[in-house]
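Asks: Before I ask anything, let me first share the structure, which is written out below as structure tokens.
The values are calculated or read from the model by the stated rules, or taken from the named source; none is laboratory data. This structure is a prediction, so every number in the text was calculated from the model and none was measured. When we count neighbours, we look across all protein chains shown, and the Cβ atoms used for this are built from the backbone with ideal geometry, even at glycine. Side chains included, ligands, DNA and RNA excluded: accessible areas come from the protein's heavy atoms. Shrake-Rupley method; radii C 1.70, N 1.55, O 1.52, S 1.80 Å.
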Amino acid sequence: MNPAIRTGPAVHAAGPHPTDARPHPATGDASRRPAGLAGSLVHLARPGQWPKNVLVVSVPLLDPQAWTRSGMGGLVWAVTAFTLGSVLVYVLNDLVDRRRDADNPARWHRPIAAGLLTPRAAVLFAAGVAILLVAVLTLVTVAVAWPVVAYLLLNLGYSLGLKHVPLLDVFLVASGFALRLIQGHLATGTTVPGWLLTAVFTLCLLLTLGKRRQELRATGGGHRPALRGYTVALTDQLMQLSAALTAGSYLLYLRDEAPLGGYGPTATVLLTPLAIFGLFRYLQLVLVRDAGGNPVRTLVRDPALVTNSALWAVLSGVLLLAARSQG
């Protein structure tokens, strides 16, 4: 038997677990149970969260100057670096929160919290990922790689206690996405548009607040200390404010910074309704249907959001191509 895997259920000395009605990962609900050590490590790395690295780091593709062989190579490097960095962050979070996660009905199935993976095995896995990340970072200069380093330091502070500070917690999460965007621009050698950076930051605030709201609705907030500083009503108001700031920043980006040349007014007319509809739809999903617990899943599985995003991407690409050919 591999010593990194525990096959027996965890025993709680304080008496029955408050959620004993749920199946324990070692005894039931096999569909959610990782298959052996390899499955547990894959689960620990959370590949379902990796698409956000691709989406945010690749935002510089809105600038045709990034459409070069070196630019594409830089994006591949940046996505790889941030994916490895995010895996390290996930492992650190799961190690620090393993006892709290074991009492959380939404997170008890995570490998360390469930007792399917020992902390020692997780640390060894993190060490291997860190070695790969260092190797990737040595391929570029410090001037290009600093957002990944800043992301790791930011999340170290987050995991060690800053995530328990209400409001600061969501700002730190959104800052991680802003660093992804900056990394994409540095890797492609393009200028970071200020209004686009603001729009991405406030959009990530919106998504993170939606997650906090769902946690409040589902668990009452007992498993996450920072939630004591939130109410459902407060998250509703902050989400609406974040959505308004996102829409306004994106409109200013289209007017002042987007590389659209003479097609700027056309882009504003065509893309603004799609951007606003996407924000409205997300608010509807969170405020009416109590979605948002997993923002990535919400964004990629809702047919209306997927269709709207695809249409926005196609129109944006056509307009950017037209502007480039015009130039």
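Asks: The conditions are (1) more than 20 Å from ALA323 (Cα to Cα); (2) at pLDDT below 95; (3) touching a helix residue (DSSP H, G or I) at 6+ places or on another chain (Cβ under 8 Å), and ARG255 fails exactly one of them. Which is it?
Replies: (1)
Asks: Here's a follow-up. For region 260-288, which residues satisfy the criterion of being part of a loop (DSSP other than H, G, I, E, B) and buried (at least 17 other Cβ atoms within 10 Å of the Cβ)?
Replies: Going through region 260-288, the residues part of a loop (DSSP other than H, G, I, E, B) turn out to be 260, 288.
Listed by number, the list holds a single entry, LEU260.
Asks: Give the residues of region 84-101 that are closer than 10 Å to HIS223 by Cβ and assigned to a helix (DSSP H, G or I), sorted by residue number.
Replies: We begin by selecting, within region 84-101, every residue closer than 10 Å to HIS223 by Cβ; these are 97, 100-101.
Across region 84-101, the qualifying residues are ARG100, ASP101.
Asks: Here is a further query. Among the residues of region 165-178, write down those that are surrounded by fewer than 22 Cβ atoms within 10 Å (Cβ to Cβ), within 18 Å of the chain's Cα centre (by Cα) and not acidic (Asp, Glu).
Replies: As a first pass, look at region 165-178 and keep what is surrounded by fewer than 22 Cβ atoms within 10 Å (Cβ to Cβ): 165-169, 171-175, 178.
Those left that are additionally within 18 Å of the chain's Cα centre (by Cα): 167-169, 171-175, 178.
LEU167, LEU168, PHE171, LEU172, VAL173, ALA174, SER175, ALA178 - these are the residues of region 165-178 that are surrounded by fewer than 22 Cβ atoms within 10 Å (Cβ to Cβ), within 18 Å of the chain's Cα centre (by Cα) and not acidic (Asp, Glu).
Asks: Considering only residues that are open to solvent by less than 10 Å² (accessible area, probe 1.4 Å), among the small types (Gly, Ala, Ser) and not in a loop (DSSP other than H, G, I, E, B), which ones fall in region 210-230?
Replies: Once the filter is applied, which keeps residues that are open to solvent by less than 10 Å² (accessible area, probe 1.4 Å), among the small types (Gly, Ala, Ser) and not in a loop (DSSP other than H, G, I, E, B), region 210-230 yields GLY210, ALA226.
Asks: Determine whether region 250-264 contains at least one residue that is of a type in the set (Asp, Glu) and farther than 24 Å from LYS52 by Cα.
Replies: Residues of region 250-264 that are of a type in the set (Asp, Glu), as a first pass: 256-257.
Applying the additional criterion that residues be farther than 24 Å from LYS52 by Cα yields 256.
Scanning region 250-264 turns up at least one residue that is of a type in the set (Asp, Glu) and farther than 24 Å from LYS52 by Cα.
Asks: Name the single residue that is most open to solvent (accessible area, probe 1.4 Å) among those in region 60-85 being small (Gly, Ala, Ser) and out of contact with any helix residue (DSSP H, G or I) (no Cβ under 6 Å at 6 or more places or on another chain).
Replies: Of all residues in region 60-85, those small (Gly, Ala, Ser) come to 66, 70-71, 73-74, 78, 81, 85.
Next, from what is left, pick out any that are out of contact with any helix residue (DSSP H, G or I) (no Cβ under 6 Å at 6 or more places or on another chain): 70, 73.
Numbers: SER70: 90, GLY73: 41 Å².
My answer is SER70.
Asks: Quick check on this structure: which one of LEU167, LEU197, LEU206 is within 27 Å of ASP103 (Cα to Cα), at pLDDT 95 or above, assigned by the TED database to the domain that holds PHE280 and not β-branched (Val, Ile, Thr)? If you could, list the steps in order and put the result at the bottom.
Replies: Values: LEU167 fails: assigned by the TED database to the domain that holds PHE280; LEU197 fails: within 27 Å of ASP103 (Cα to Cα).
Step by step, each of LEU167, LEU197, LEU206 is checked, and only LEU206 is within 27 Å of ASP103 (Cα to Cα), at pLDDT 95 or above, assigned by the TED database to the domain that holds PHE280 and not β-branched (Val, Ile, Thr).
Asks: Given the criteria within 21 Å of ALA226 (Cα to Cα), free of Cβ contacts under 8 Å to residues at least 60 places away in the same chain and among the basic types (Lys, Arg), does ARG99 qualify? Don't jump to the end; show me each part of the working.
Replies: Working: within 21 Å of ALA226 (Cα to Cα): yes; free of Cβ contacts under 8 Å to residues at least 60 places away in the same chain: yes; among the basic types (Lys, Arg): yes.
For ARG99, the condition - within 21 Å of ALA226 (Cα to Cα), free of Cβ contacts under 8 Å to residues at least 60 places away in the same chain and among the basic types (Lys, Arg) - is met.
Asks: Now for a different question. Looking at (1) β-branched (Val, Ile, Thr); (2) under 22 Å from THR188 (Cβ atoms); (3) open to solvent by 30 Å² or more (accessible area, probe 1.4 Å), which is the only condition VAL148 fails?
Replies: Going through (1) β-branched (Val, Ile, Thr); (2) under 22 Å from THR188 (Cβ atoms); (3) open to solvent by 30 Å² or more (accessible area, probe 1.4 Å) one by one, VAL148 breaks only (3).
Asks: Residues to consider are PRO119, PRO111; find the one that is within 30 Å of LEU216 (Cα to Cα), touching a residue at least 12 places away in the same chain (Cβ under 8 Å) and surrounded by fewer than 19 Cβ atoms within 10 Å (Cβ to Cβ).
Replies: Values: PRO111 fails: surrounded by fewer than 19 Cβ atoms within 10 Å (Cβ to Cβ).
Within the list PRO119, PRO111, the selection yields PRO119.
Asks: So, in region 289-305, exactly how many residues are open to solvent by 70 Å² or more (accessible area, probe 1.4 Å), among the aliphatic types (A, V, I, L, M) and part of a loop (DSSP other than H, G, I, E, B)?
Replies: Residues in region 289-305 being open to solvent by 70 Å² or more (accessible area, probe 1.4 Å), among the aliphatic types (A, V, I, L, M) and part of a loop (DSSP other than H, G, I, E, B): 0 in total.
Asks: A further question on this structure: Does PHE125 qualify as being under 17 Å from the mean Cα position of the chain (by Cα), at pLDDT 90 or above and either buried (at least 21 other Cβ atoms within 10 Å of the Cβ) or in a helix (DSSP H, G or I) (or both)? Quick ask: steps written out before the conclusion?
Replies: Details: under 17 Å from the mean Cα position of the chain (by Cα): no; at pLDDT 90 or above: yes; either buried (at least 21 other Cβ atoms within 10 Å of the Cβ) or in a helix (DSSP H, G or I) (or both): yes.
It is false that PHE125 is under 17 Å from the mean Cα position of the chain (by Cα), at pLDDT 90 or above and either buried (at least 21 other Cβ atoms within 10 Å of the Cβ) or in a helix (DSSP H, G or I) (or both).
Asks: Criterion first (open to solvent by 30 Å² or more (accessible area, probe 1.4 Å), without any contact (Cβ under 8 Å) to a residue 24 or more places away in the chain and not in a loop (DSSP other than H, G, I, E, B)) does ARG255 satisfy it? Talk me through it step by step, then tell me what you get.
Replies: Values: open to solvent by 30 Å² or more (accessible area, probe 1.4 Å): yes; without any contact (Cβ under 8 Å) to a residue 24 or more places away in the chain: yes; not in a loop (DSSP other than H, G, I, E, B): yes.
For ARG255, the condition - open to solvent by 30 Å² or more (accessible area, probe 1.4 Å), without any contact (Cβ under 8 Å) to a residue 24 or more places away in the chain and not in a loop (DSSP other than H, G, I, E, B) - is met.
Asks: Let me ask another. Just a yes or no: is a residue in region 189-209 part of a helix (DSSP H, G or I), open to solvent by 30 Å² or more (accessible area, probe 1.4 Å) and over 20 Å from TYR253 (Cβ atoms)?
Replies: Within region 189-209 (the criterion being part of a helix (DSSP H, G or I), open to solvent by 30 Å² or more (accessible area, probe 1.4 Å) and over 20 Å from TYR253 (Cβ atoms)), the answer is no, since none of the residues qualifies.
Asks: Output the number of residues of region 306-327 satisfying the condition of being under 21 Å from ALA66 (Cα atoms), open to solvent by 90 Å² or more (accessible area, probe 1.4 Å) and of a type in the set (Ser, Thr, Tyr).
Replies: 1
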